[in-house]
Structure formats: C-alpha cells, structure tokens
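Undergrad: Handing you a structure now.
The values are calculated or read from the model by the stated rules, or taken from the named source; none is laboratory data. Since the model is a prediction, treat every value here as computed from it, not as a measurement. In this analysis, Cβ positions are derived from the backbone assuming ideal geometry, glycine residues included, and neighbour counts consider all displayed protein chains. SASA here: full protein model, heavy atoms, side chains in, ligands and nucleic acids out. Shrake-Rupley method; radii C 1.70, N 1.55, O 1.52, S 1.80 Å.
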Amino acid sequence: MTMSRRNLLGLAAGTGAASLLAACAGPGGESTKPGETGGEISFAHWRAEDKDVFEQIIKDSKLAVRQDISPSNDYQSTALQKLRGGTVGDAFTAFRGAQFLDIAKAGVWTDLTGKPLTQRYEPALITAGAQDGKQLGVPYQLVFNTPLANRDLVTETPKDWDGFLALLDTLKGKGVTPIAWPGGDAANAGQLLNVMVVNNAPTDDALGRIETGEAKVTDDWFLTVLKQYQQLTPYFQKGATGTSSDAALALFAQGKAGLLATGSFQVSGVRKLGAKFPIDLLAPITTTADKARYEGVFNATFILGVNAKSAKQDAALAWLDRLSDPVVAGVYANGTAQHVTVKGVEYTNADLKALAPWLSRKTALAPRFQFSNLDVRGAVENAAVQVVGGKSPEQAAEAAQKVVDQKR
C-alpha cells in the first residue's frame, strides 16, 4: 500500500473552518452532560505528549473521561492484560500490527462496523483497524516513520545511498552529529529500520515473510540492510545503542544533530523543547536512484477502540464519536502536530502545513508492523542494534534467525 493518492491532499487543505463550525455546535458538536453516558470512563493510551490536548478536548466536550497513560514500551507489553480486566481502558488505543491482532484474538475489541463515526474517516487509511470484514477500531494518526531533518543544517535531499553518505560526511564536517538515533529504546530504535528496508526488500511484505519462514534474516537483501547500518555507525552519536528516545530528541532539538531517526510523531516533542528551525522529513534512499520505489514511510496507527469487557461501552463510544468529529480532530491534530485520518480536517499548525506535501508522495506502509509476533520483531530489529554495537552483519543475522526459528 502506498500513499501516492492525490485525494489525500484534501487532508492538508481541509475544508473551511466556517463550514465545519456551521455543521457542529462547537468542538465536538452537540454538548453532552457528564452523566448522560454513564459517568467517568478510562481512556488508555501511550502518548503522554498528547495529555494536555486531550484534557482540553475532554473539558470542551463536557464528557467525564480519565486518561490512563503508560510509556509506549509498557503499553505494548501490558495493555492487553489491563484491558481484559475491564476497569482500565473503557476506550483505548492500540498499535498497528501485533498488538491490534492480539487484542482481536482476545475478543477485547467492540465491533464498530456500521457505526456512523466510521464514515468520518478516509477509508484507505483505516484498514489497519479492520479484520475479517469487521471494523474493530479506527486508526487516528497518520504519521510518517521517516527521519526528521533540521533544514537549517540539512540543505540537500539525496536521491541515492552514496549521496546520503556524502550528506552525512558534510554534516560531520560541520561539527554536528549527522543522525540522532535512540538505539537504547526498542520502541523507537526500530523506526529507522522501516526506511532502511522499503527499497532494499524484494517485496513489500518481506519482513512479514521472515516471520512465516518464507524469508530469512540471513537472506542477501537483509544482510545488505545490516551492512548499511554498519556504514551508518560512525554517523550516530556516541553510545548510540544505549541512547534513550528523550536523549536523541534533545540532541536534535538543540540543533546538535542534522537528522532524528524516528518520525513525524516526535515533531511536537521537538517544539516543546524550544526548537525554532524548519523541520522536514528525509529518508535515506538505500539504493541507486533508478531502483528506489519509495521516498519514505507512513503509518496509520493509534487505533481507537471500545473495550468489549467494559461496563461503559456507550460512554466509551460517545468519546470515540467526539474524537471523530472533524473540528475536534483538528484540535487534536494542530495541538499535537499530528496528521489524522479523519476527513475534512483543517490544518493550521505550521509544521503540519510544512509536511503536507508528504501526503501525496510515494511512501510505503511501515513494514516493521507486519510482524504479528513481538519476539520475532524484536529479534529482527535487534540485529540492527547489534551491528551498530560492533557485531558483524552475518553474526547478528544468524543470531536473530535462531530466535525467529524458535518462535515460529
């Protein structure tokens, strides 16, 4: 699946605020009294950086909602257990891929098929929330898992691998870290793998084929990926394999790194640290220009759902309905610097406007979320970390393949 669709430019252009406001009574449309939807509900998610914007939406909506926020790594590993209890996450979010599938297998999603709120979304962007013909959840965020670039430092956009390495040499010559990479944070270390894979992989589903046994970590194409990580190693900050996401973010926000190897979901974090420089996206093109199929990577994630184990499903659905309103989705998008999958949103945030051209560029659906087994995904992603830490690509690939074989 690619994002070369011209109609998605409508997400950036949006519709006029006046027409939207005429259709809605205010942020969220008609007001709802707190007691009308069954009292306070728990909204479970992992984006602490969005807390204040959600609190404003909750206040404006007059709904009784409590945020239960966990760090992304913890949320990935513990959310399902909490959701099953029905006391946390009356409304909740999930990552695309393995977590979405695990929650579906456990019967925790409430089927949203046919609910009016689903009609407010771009159909092509919510397929990650569907299974077996049912719309179990709605992906809310449209993010680009493509490195951020400080355009005051990075003035070129290389079209091939040699050009990308030359750019990194130029940045190093300026006395800055070419790439800030959170190698010590598993949730974000693997974001770079997305763009390292998409043009090297023989098929769009190549990472998923590793899990099924149709491909191996030791295959030539993936060894190429690992060898390119080896080439990148001198351009990462010192101690890259132990660097946290916050530390890499700070390095970039302070203007001490040209690129931040995560994605657009961290733009708001960069701004909160006071960065004023223009931000763009720039993916390493890992092939020659003529063989490059994609300019970057996107993902539709932060999948909103209603907990089937909850006693407050009506209230949780009311909260999702509120978030699905174009005006409210606009409040969220502009307040968090996140594009969204809701139709007719007007983007006023300067960074969202700057990144809007990416909505029509040829980008691949983030491949790291093809894995349904998180242990397999962890092993494959860790192979790249091991290479940056000093292992040979061949050693790292063999070690990862052993884990994959054990888990299949």
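Undergrad: Which residues, taken from segment 50-61, are open to solvent by 80 Å² or more (accessible area, probe 1.4 Å) and more than 26 Å from the chain's Cα centre (by Cα)?
TA: Correct list: 59 only.
Undergrad: Give segment 69-96 a look and list any residue that's part of a strand (DSSP E or B), of a type in the set (Val, Ile, Thr) and in contact with a helix residue (DSSP H, G or I) (Cβ under 6 Å, 6 or more places away or on another chain), or say none.
TA: Answer for segment 69-96, where residues must be part of a strand (DSSP E or B), of a type in the set (Val, Ile, Thr) and in contact with a helix residue (DSSP H, G or I) (Cβ under 6 Å, 6 or more places away or on another chain): just 69.
Undergrad: I would also like to ask the following. Could you list, in sequence order, the residues of segment 321-362 that are basic (Lys, Arg) and over 19 Å from residue 115 (Cβ atoms)?
TA: 353, 361, 362, listed by residue number.
Undergrad: Something else: Considering only segment 138-181, give the strands (runs of 3 or more DSSP E) lying wholly within it that have at least 1 residues that are out of contact with any Cys (no Cβ under 8 Å at 6 or more places or on another chain) and among the hydroxyl-bearing types (Ser, Thr, Tyr).
TA: 138-144, 177-180
Undergrad: Report, by residue number, each residue of segment 267-316 that is in a loop (DSSP other than H, G, I, E, B), among the aliphatic types (A, V, I, L, M) and open to solvent by less than 20 Å² (accessible area, probe 1.4 Å).
TA: Result: 275, 282, 283, 285.
Undergrad: Quick test for you: out of 64, 91, pick the one residue that is over 30 Å from residue 279 (Cβ atoms), open to solvent by 10 Å² or more (accessible area, probe 1.4 Å), of a type in the set (A, V, I, L, M) and at pLDDT 95 or above.
TA: Criteria check complete, one pass: 64.
Undergrad: State whether one or more residues within segment 365-386 are touching a residue at least 12 places away in the same chain (Cβ under 8 Å), of a type in the set (Ser, Thr, Tyr), touching a helix residue (DSSP H, G or I) at 6+ places or on another chain (Cβ under 7 Å) and closer than 22 Å to residue 201 by Cα.
TA: yes
Undergrad: Just one of the numbered conditions (1) over 30 Å from residue 89 (Cα atoms); (2) open to solvent by 20 Å² or more (accessible area, probe 1.4 Å) is not true of residue 378; which one?
TA: Answer for residue 378: the failing condition is (1).
Undergrad: Additional query: Condition first: out of contact with any Gly (no Cβ under 7 Å at 6 or more places or on another chain) and of a type in the set (A, V, I, L, M, F, W, C). Now tell me which residues in segment 380-408 satisfy that.
TA: 380, 383, 384, 387, 396, 397, 399, 400, 403, 404
Undergrad: Can you report the number of residues in segment 235-284 which are out of contact with any strand residue (DSSP E or B) (no Cβ under 7 Å at 6 or more places or on another chain) and on the phi > 0 side of the Ramachandran plot?
TA: 2
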